[in-house]
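Heads up: the structure comes next, in structure tokens.
Derivation of every value follows stated rules applied to the coordinates shown; laboratory data play no part. What you see is a predicted model; the values in this text were computed from it and never measured. Backbone-built Cβ (ideal geometry, glycine too); neighbour counts: all protein chains shown.
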Amino acid sequence: MPVSLCGSWDMVSNVNLEGYMIALGISLYTRKIALKIKHRKVIEQVGDQYVVKTLSTFRNYTFSFRVNEEFQEFTKGLDERHCKSLVAWEGNKLVCVQKGEKKNRGWAHWIEDDKLHLELHCEDQVCKQVFKRVV
Ligand code: 1AG
């Protein structure tokens, strides 16, 4: 049974968000703001339903899913695209494939050294974020 991802997490590092945002076609203006802000990740689980919130002073993005069940995702406030998304456990990683206009799009979350790790990928770009638990 993988370690629970649930809780509130504050960003401590963020590598190549710029490349990831360029791959998504985010405007220069929005990228400049997005790069400056710290994100908080809030992950909640009710039964087999997950709710993941990415919170910041600039924008918030919330979505929910059931593991192993494809869902329609609309990345409102991000790149505003529709994806057919599927989240599944792969070992200790919670892995999402986001099928849509953008190739090779998805993310993975896992816990390592008491930190929440997130790898976001799109086309040939990988963004790596690490979060520490909010105490
Ligand atoms: C996500 O998490 C959301 C990741 O899918 C959001 C992080 C960075 C921004 C991503 C794309 C850039 C698009 C627009 C920039 C606009 C706002 C930046 C501030 C975003 C805060 C919401 C996946 C994973 C699921 O956590 O658990």
Q | Loop sites in segment 9-98: GluC sites (Glu not before Pro), DSSP, at most 12 other Cβ within 10 Å | A | E69, E80
Q | Pair N92, N104: separation of 7 Å Cα→Cβ label points (nm) | A | 2.7
Q) Counting each DSSP H run of 4 or more residues in the chain as -39500 (n - 2.57), what helix-only mean residue ellipticity at 222 nm follows after dividing by all residues, to the nearest 500 deg cm²/dmol? A) -3000 deg cm²/dmol
(Q) Counting other beta carbons within 10 Å of each residue's own, what order do T57, T75 fall into, fewest first? (A) T57, T75
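Please find the FRET efficiency linking R31 to K53, where r is the Cβ-Cβ separation and R0 is fixed at 35 Å, and quote it to the nearest 0.05.
Numbers: r = 21 Å, r/R0 = 0.61.
The pair R31/K53 has a calculated efficiency of 0.95.
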Q. What's the FRET efficiency of Q45 with V130 using the Cβ-Cβ distance as r and R₀ = 25 Å, to the nearest 0.05?
A. 0.75
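With a sphere of radius 10 Å drawn around the Cβ of K102, what net charge do the other residues whose Cβ falls strictly inside it have (Lys, Arg +1; Asp, Glu -1)?
+1
Filter the GluC sites (Glu not before Pro) in segment 91-135 to those in DSSP coil with at most 13 other Cβ atoms within 10 Å of their Cβ, and list the result. Don't skip to the end; give the middle numbers.
Values: sites: E101, E112, E119, E123; in loops: E101, E123.
Qualifying residues, ordered by number: E101.
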Q: Name the shape class, rounded, prolate or oblate, that the alpha-carbon gyration tensor gives for the chain, where a ≥ b ≥ c are the square roots of its eigenvalues, rounded holds for a/c under 1.5, and otherwise prolate holds if a/b is larger than b/c and oblate otherwise.
A: oblate
**Q.** Residue list for segment 23-46, given a label point 7 angstrom along the Cα-to-Cβ vector of T62 and an amide N cut-off under 20 Å
**A.** 38-46
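Relative contact order of segment 7-133, please, whole-number percent, based on alpha carbon pairs below 8 angstrom and at least 6 residues apart.
Details: 278 pairs, mean separation 33.3, N = 127.
Relative contact order for segment 7-133 comes out at 26 percent.
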